[in-house]
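Take a look at the structure set out below.
The values are calculated or read from the model by the stated rules, or taken from the named source; none is laboratory data. Being a predicted model, the structure only gives us computed values, none of them experimental. Methodologically, a virtual Cβ is constructed for each residue, glycine included, from the backbone with ideal geometry; neighbour enumeration extends over all protein chains shown. Note: accessible area is taken over every heavy atom of the protein model, side chains too, but ligands, DNA and RNA are not part of it. Shrake-Rupley method; radii C 1.70, N 1.55, O 1.52, S 1.80 Å.
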Amino acid sequence: MGRKSVKENKNRYQEIREELNLTREEASELLEFISDDRLEKIENEKTAIRPEEVLKMSEAYKKADLCNYYCSHECPIGQRYVPEVESKQLSQITLEMLATLNTLEKEKNRLIEITVDGIISEDEYADFNKIKEQLDEMSKTIASLQMWINNELNK
């Protein structure tokens, strides 16, 4: 049986493994192609984790949010283009989505006014950016809902 880690600054992969009360050896068996030695190097940040390893951990640990974590924190492309999605309760996700939809409904006519001529003039940029920010929030809320659903389906 493995020893309990006393390391203070654990990375996300180690935290999740330990939340599941798995030793590295047990996790390695679940992960099939990731040895316990490689897992130790990943958790101690002596080697970078590969995308296929994150996918396998996400499936084996039943934690869909690991993929978002990897993309938003470790992948150079994802760090630029993938927002971190917070894990939330369904009720909170639903309320956020409804609030954003209500706001967008109010802004819909302004968006039509701005884009009808195919040109965004200087005096329209502030309103257009505000609408873009609201759409970004809606996108994050949808991603949060998708993550919640994936976690529920994987239980």
**OP:** Check whether at least one residue in the stretch 58-74 is open to solvent by 30 Å² or more (accessible area, probe 1.4 Å), over 30 Å from GLU133 (Cβ atoms) and either part of a helix (DSSP H, G or I) or among the hydrophobic types (A, V, I, L, M, F, W, C) (or both), and report yes or no.
**Re:** yes
**OP:** Return a yes/no flag: does the stretch 102-123 have any residue that is open to solvent by 100 Å² or more (accessible area, probe 1.4 Å) and closer than 18 Å to TYR69 by Cα.
**Re:** no
Subject >> Only one of ILE49, ILE42 that is without any contact (Cβ under 8 Å) to a residue 60 or more places away in the chain, part of a loop (DSSP other than H, G, I, E, B), open to solvent by less than 90 Å² (accessible area, probe 1.4 Å) and closer than 23 Å to GLU8 by Cα >> reply: ILE49
**OP:** Scan the stretch 122-145 and give yes if some residue there is β-branched (Val, Ile, Thr), closer than 30 Å to ILE49 by Cβ and either out of contact with any strand residue (DSSP E or B) (no Cβ under 9 Å at 6 or more places or on another chain) or in a helix (DSSP H, G or I) (or both), otherwise no.
**Re:** yes
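Could you count how many residues in the stretch 144-155 are buried (at least 17 other Cβ atoms within 10 Å of the Cβ) and either among the small types (Gly, Ala, Ser) or farther than 13 Å from VAL85 by Cα (or both)?
Summing the residues that are buried (at least 17 other Cβ atoms within 10 Å of the Cβ) and either among the small types (Gly, Ala, Ser) or farther than 13 Å from VAL85 by Cα (or both) in the stretch 144-155 gives 1.
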Subject >> Selection count where residues are open to solvent by less than 50 Å² (accessible area, probe 1.4 Å) and among the polar types (S, T, N, Q), scope the stretch 10-36 >> reply: 4
Original post:
Looking at the stretch 80-101, which of its residues are open to solvent by 60 Å² or more (accessible area, probe 1.4 Å), within 16 Å of ILE149 (Cα to Cα) and part of a loop (DSSP other than H, G, I, E, B)?
Top reply: GLU86, SER87, GLN89
